[in-house]
Amino acid sequence: MEKNNATGLPNWILFLFLGALLWGLLYGIFYHGFLNENPENALLDETGTFVVRAEVQIPDRTADAVTAGETAYKTACIACHGPNREGGVGPSLADATWLHGDKESDIFRVITTGISAADSKTGQIMPPMGGASLSKAQAWQILYFLADRNGSIKKGE
Ligand code: HEC
């Protein structure tokens with residue numbers, strides 16, 4: 001068998017090793033978004049810039065996260081739910097009437113999956129806001145913001 005003169009190991013082991021390194025690098029770049037400006041675990045700060053917190057998938061419920069949620073709300077939700085969450089095309093998010101459930105888990109589900117024509121209560125649909133248009137972290141931040149402003153949302157469920 002052909003041996004590498006420098007290491008004394010068979011060449012195929014070295015190729016395997018380098019291949020694994022390369023694969024790991026490409027995997028990191030493409031699947032974990034090392035080069036992505038808006039990864040799932042990014043937090044939007046109050047100035048509208050993304051802060052990457054690689055170790056945090058679900059952001060902590062801090063005052064900063066509430067503020068970031070307000071910023072993200074202004075971009076993603078304001079057109080249909082109004083500047084003061086008073087409603088428009090979509091229902092009010094400031095009152096205590098919840099067509100799709102008043103638990104935080106209900107609201108998080110609506111934010112990320114939207115409301116299809118089949119599930120609509122008003123005849124209007126809500127597009128899914130997860131994925132490219134809104135990171136998961138931003139969806140959480142918006143939830144924290146809505147819950148912070150509206151005490152009728154049942155926390156922690
Ligand atoms: C294109 C318009 C549109 C956008 C943008 C939009 N929504 Fe909606 N949303 C709706 C409509 C319409 C409904 C009501 C659907 C129905 O009739 O059941 C709704 C329903 C909801 C509900 C359920 C309300 C209830 O009474 O249970 C929540 C919560 C909600 N939206 C949050 C958000 C948030 C947060 C964002 C931004 C991330 C957002 N929506 C963006 C149109 C929109």
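Can you give the extra length, in nm with one decimal, that the chain gains between Leu22 and Ile125 once fully stretched, where that is 0.36 nm per residue apart less the Cα-Cα distance?
Details: separation 103, 0.36 × 103 = 37.08 nm, distance 4.46 nm.
My answer for the length gained is 32.6 nm.
Got a number for the accessible area of Arg61? Probe 1.4 Å, square angstrom, nearest 10.
The accessible area comes out at roughly 110 Å².
Would you tell me the accessible area of Glu86, worked out with a 1.4 angstrom probe on the heavy atoms of the protein chains, in Å² to the nearest 10?
Estimated to the nearest 10 Å², Glu86 gives 90 Å².
The values are calculated or read from the model by the stated rules, or taken from the named source; none is laboratory data. These numbers come from a predicted model, not from an experiment. Note: areas computed on protein heavy atoms with side chains; ligands, DNA, RNA excluded. Shrake-Rupley method; radii C 1.70, N 1.55, O 1.52, S 1.80 Å.
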